[in-house]
Each structure stands twice: as structure tokens, then as C-alpha cells.
Amino acid sequence: MPFSELHQDLNERAALGLLRQRRTLQSPQSPHIIVDGNEYLSFCSNDYLGLANHPELIDALQQGAVQHGAGAGAAHLVSGHTQAHHDLEVALAKFVRKPAALLFSTGYMANLGVVQALVGKVDTVFADKLNHASLNDAMQLSRAKLQRYRHNGIAQLRQLLEKTGSGRKLIIIDAVFSMDGDLAPLPELLALCEQHDAWLLVDDAHGFGVLGEQGRGSLAHFGISSPRIIYMATLGKAAGVFGAFVAAEQVVIDTLVNHARSYVYTTATPPALASALLASLQVIAQGDALRTHLQQLVVQLRSGLHDLPWKLMPSSIAIQPLLVGDNQAALELGNKLRERGIWVAAIRPPTVPQGTARLRITLSAAHTATDVTRLIEVLHELAR
């Protein structure tokens, strides 16, 4: 059997410091976890508000399972769309101030569904070169013409739009870039959409719940609103549960219901998750203290790490990438941290560009100042 080529590929990845392996979490998600039998202080979760193990969400999940059962049993368009799903869609649309919303199983499936449903062969997609893999795959599968521009390169994007003629135009963008921690210039992108009659798909996976008034996301952070904006956010990061949603004009949502293959042809998520997410929305809306504490931790970390030999990349949010450069060096630094009881993920190509391997430090409102001080002290010890 032709397994030798697979073994060779994996061996080559290992030699380059690119082999990926899973570790088994044996405790609930929190800053203090047990992995493969060992206790760690964790800085590698996207649970930005500490809601993944929140008692109110757990209670809502349990009650939802009692009321709705364990699974949806069918696709939304067959018999899997429950009252819990409906109520959550209404609440999400209201929360992000859009006319309507549609649930998806994951952010990956949401992006695939939106792009594939809205553009095709005669249309053009414009994409930042640092966009998430799901957006990249979505534009490839759409079969639309592809135009990629430099990271946050507004001037280059403007030139590409000016050269594009007929067909629909769709700009796809991460609101918060998950590996760099910087924000997209959404007001400037929206202005270009207005000038060139384009749509703007905003992937706010890492902004929803954290940025803006009451955690309403990146659109609220920038104070922008437009029917041209199609808004996607995930529900397994700051929201603490699972899933994703798209919020947009009603006609866009109706189009997705009819044409988004990753929505039409998949089983609905368990309705108990929707019950938990309704509880999560309430905690997020009332979570100003959580967001304030998280921002204080960001300031503390950046102040404590400014003089390390590894560069802390510019970021004002919970994602704090420590640039190492070499793949093996990043792995080695991550291993040394684990030996001292601290778990931080080493991120390597192709997730990030060649030569930019890094430790992706992520903070949570569930961390304490003492937790952050411990990380700062150990990194300084390793630097010496």
C-alpha cells in the first residue's frame, strides 16, 4: 500500500519543525489545566472572557438538553430548526444590530457558505494576504476571480478595485488577525465598498464579545454600520460555547438559506448549545468588568515583556504574539515553558509566513495578575 509517501511527508515535516501533534486536555477549559496528566498555567486558549466553564452557561446547557434532547436530528431545512435556534438567531441579530442572523456549525463552514453563495465565476473576491485559512478556502471554492493584496494594503486594494469591471465585488477580511493580533482598517474598507459598489464580509471571530460597546464586536468598536457589511462571528471563543453565525440584510440571509451549501447540507447543531449561547450573550452584554480586567492584563504583559530578545508584535488585544523566527527555536522555547509548567502554543508555517514562527500568547479575563506575572518571570529567566 502507498503509505511510504505519507511517512516520508511526515518525516520531512518533523525535520523542518512543522509536525503537528495533539495533546489531551483532562480538565475543563481554564487558565489552570491538566494536559496529559500534567498541570499547566495555560496561555493558549481563545476563551477570552473565561466563559467556557462558566456556571451560568453550564446550567443553561443542562436545561437545554433536558428540554430539547441531545441532538437536532436533521438539517435546519428539514426538521432540525428548533425554537432555541430561532431565539438565538433573533438575539444575535439584535445584539450586533443587523436585520437578521443565521447559525452555522463553525466559522469555517460559515465563511465557505457565504462566499460560495454570493459570488461565482463572473465575480471577483478581494482578500488580505493574512486572512484566515477558511476565507482563503472559501474564495478558492467559489470559483470567482481572486485578487489578493498586501496585509492592510488599502492603496493596493483601491487600485485593484479600480481595475475591476463587471460582476459582483466582495472584499473578505479578518476583523482581528488571529496570529498577529492587529485589526483590519474596517472604516477604510467600507469606504472603498461604497465607492466601488462592493460587499464587505467581516470575519470577527476574535473580536466578537471582546471589542466594542458591551462586546458587540469590531463593527461597534469602529462605530460603523452598512447594509453592505456581511458580519460573521464564531461562538466558541469569547462566547465560550460552539458554532458561528452570519448577520446581514434579510435578503442576504434568505439567499444563504437557499444557496449556502455548508448550511443546507449539514445537520443542525444540538439545540442545547443554543440555550447555552443565549445565556452567554447575557454574560457578554454585562461583561464590561471582564473586558476591563482583560485589557489591564494586556497592559501588564506588554510592560513586562518589552525588553526580551524576542519581539512582542504590536497588539492591543488578548492575542499577544512573541516573534521568535526559526521554527525549531519557537518549538524549543515552547517546550522550555512547558517544563516550567506554562503552556503557550508555538505557531509555525503555513499558519504564519516563513521565518515568522512565534509563541502565540493569549490572555483571558479568567487569568489573574499573578498568572501574568508568572509568565513574565519565566520568559525573562529563559532569556537569560
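All of the numbers you see were taken from the coordinates with simple rules; none came from a lab. Just so we're clear, the structure is a prediction, and the values are computed from it rather than from any experiment. Note that we place each Cβ from the backbone using ideal geometry, even for glycine, and neighbour counts take in every protein chain shown.
In this calculation the C-beta distance from Ala369 to Ser226 is compared with R0 = 25 Å, giving a FRET efficiency of 0.05.
In plain terms, the chain from Leu25 to Val251 could stretch by 77.1 nm, reckoned as 0.36 nm per residue minus the Cα-Cα distance. Please report the antiparallel percentage of DSSP beta bridges with both residues in the chain, rounded to the nearest 5. That works out to approximately 55 percent antiparallel.
The radius of gyration of the Cα set in the range 292-384, together with its Dmax, comes out at 12.5, 36 angstrom. Annotation: amide H of Ile342 within the under-5 Å range of Leu41, sequence separation 5 or more or interchain, hydrogens built in the peptide plane.
Checking every one of the chymotrypsin sites (Phe, Trp or Tyr not before Pro) in the range 231-320 against DSSP loop status and a limit of 10 other Cβ atoms within 10 Å picks out Tyr265.
For His32, nonlocal amide neighbours, meaning residues 5 or more places apart or on other chains whose placed amide H falls under 5 Å from its own, are Ser42. Stretched out straight at 0.36 nm per residue, the stretch from Gln354 to Asp59 would grow longer than its current Cα-Cα span by 101.7 nm.
Express in nm, to one decimal, how much length is gained between Gln8 and Ile34 on full extension, taking 0.36 nm for each residue of separation and deducting their alpha carbon distance. Numbers along the way, then the final one.
Details: separation 26, 0.36 × 26 = 9.36 nm, distance 3.29 nm.
Computed gain between Gln8 and Ile34 is 6.1 nm.
Given only helices, namely DSSP H runs of n ≥ 4 each adding -39500 (n - 2.57), what is the per-residue ellipticity at 222 nm of the chain, to the nearest 500 deg cm²/dmol? Each step should come with its number before you reach the end.
Values: 14 runs with 161 residues, N = 384.
Calculated mean residue ellipticity at 222 nm is -13000 deg cm²/dmol.
Per-residue Karplus couplings for the range 234-247, computed as 6.51 cos²θ - 1.76 cosθ + 1.60 with θ equal to phi - 60°, are listed in order as 8, 10, x, 10, 4, 6, x, 10, 6, x, 7, 8, 10, 10 Hz, Gly and Pro entered as x. Each residue of the range 310-321 was assigned a 3J(HN,Hα) from its phi angle through the Karplus expression (A = 6.51, B = -1.76, C = 1.60, θ = phi - 60°), giving 9, 7, 7, 5, x, 6, 10, 10, 5, 7, 10, x Hz with x at Gly and Pro. For the options Val246, Val122, Val176, a Gaussian network treatment of the chain with springs between C-alpha atoms closer than 10 Å singles out Val122 as fluctuating the most. Relative to one another, the C-alpha centroids of the range 205-220 and the range 41-57 are positioned 17 Å apart.
Counting pairs of Cα atoms in the chain, how many percent are more than 25 Å apart? Mind showing how you got there, number by number?
Working: 42787 of 73536 pairs.
Tail of P(r) above 25 Å: 58 percent of Cα pairs.
Taking amide H positions as modeled 1.01 Å from N, with prolines and chain starts lacking one, no residue 5 or more places away or on another chain lies under 5 Å from Ile224.
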